[in-house]
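To keep things clear, I will list the structure first and then write my remarks on it.
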Amino acid sequence: MISKTKSIIIIAIIVILFVIVGIYLIYFYETDETAIEFDVFKNMAKNTTCADIANKLFIIDNQIVFWVVEGNCPDASYSYTLFGNNPNEILCKRYDSISGPQEQCNSDNYQEIFLSIIDNIDADNLGLDATHTVSEISF
């Protein structure tokens with residue numbers, strides 16, 4: 001027979017193991033769920049038109065992608081887009097069109113950061129403070 005103390009210790013170990021496994025599964029589930037589709041973004045950037053001045057992709061905080069496209073075109077001469085983890089998730093966009101400059105933000109949560117980036121597009125870290133990480137994506 002197992003003593004009462006040994007039973008409590010075994011139950012405590014089982015509970016701790018369940019907690020550890022749960023934390024592990026939550027962490028990796030969320031990481032996979034929000035994985036950036038780098039290849040899709042790279043292909044999109046490689047195949048864009050009117051990008052003879054600038055065509056750059058940046059990853060911000062390992063969660064969002066910022067794309068700069070600028071070119072010498074009579075129409076659609078620039079486009080600045082902030083994406084979620086895939087190109088279909090457009091958070092904010094500013095672009096040139098035949099009707100003139102257009103801007104839209106589908107997410108109020110990202111409007112402030114988007115405007116800051118646009119205002120500081122040539123600055124280090126895209127003008128974002130040290131709480132943000134910014135890396136250019138090569139393609």
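FYI, it's all coordinate maths here, none of it is from the lab. Because the structure is a prediction, the values reported are computed rather than measured. Glycine also receives a Cβ, built like all others from the backbone with ideal geometry; neighbour counts cover every protein chain displayed.
Phi-derived couplings, Karplus 6.51 cos²θ - 1.76 cosθ + 1.60 at θ = phi - 60°, listed residue by residue for the range 124-137: 4, 6, 6, x, 7, 6, 5, 6, 10, 10, 10, 9, 7, 9 Hz, with x used for Gly and Pro. Note on E112 and S77: the model spin-label points, each 7 Å out from Cα along the C-beta direction, lie 3.3 nm apart. Equivalent-ellipsoid semi-axes for the range 54-97 (Cα gyration tensor, √(5λ), whole Å, largest first): 21, 11, 6. Each peptide in 61-74, 2-15, 97-110 receives the mean, over its residues, of other Cβ atoms within 10 Å, and ordering these scores from highest gives 61-74, 97-110, 2-15. For the range 79-86, 3J(HN,Hα) computed residue by residue from phi via the Karplus equation (6.51, -1.76, 1.60; θ = phi - 60°) reads 7, 10, 10, 10, 10, x, 8, 8 Hz, glycine and proline entered as x.
Evaluating 6.51 cos²θ - 1.76 cosθ + 1.60 at θ = phi - 60° for every residue in the range 58-74, the Karplus couplings come out as 10, 9, 10, 6, 6, 9, 10, 10, 10, 10, 10, 10, 9, x, 8, 10, x Hz, glycine and proline recorded as x. Its Kirkwood hydrodynamic radius, worked out from the mean inverse distance over all distinct Cα pairs, puts the chain at 17.7 Å. Distant-in-sequence amide contacts of S77, defined by a placed amide H-H separation under 5 Å and a gap of 5 or more residues or a different chain, comprise D96.
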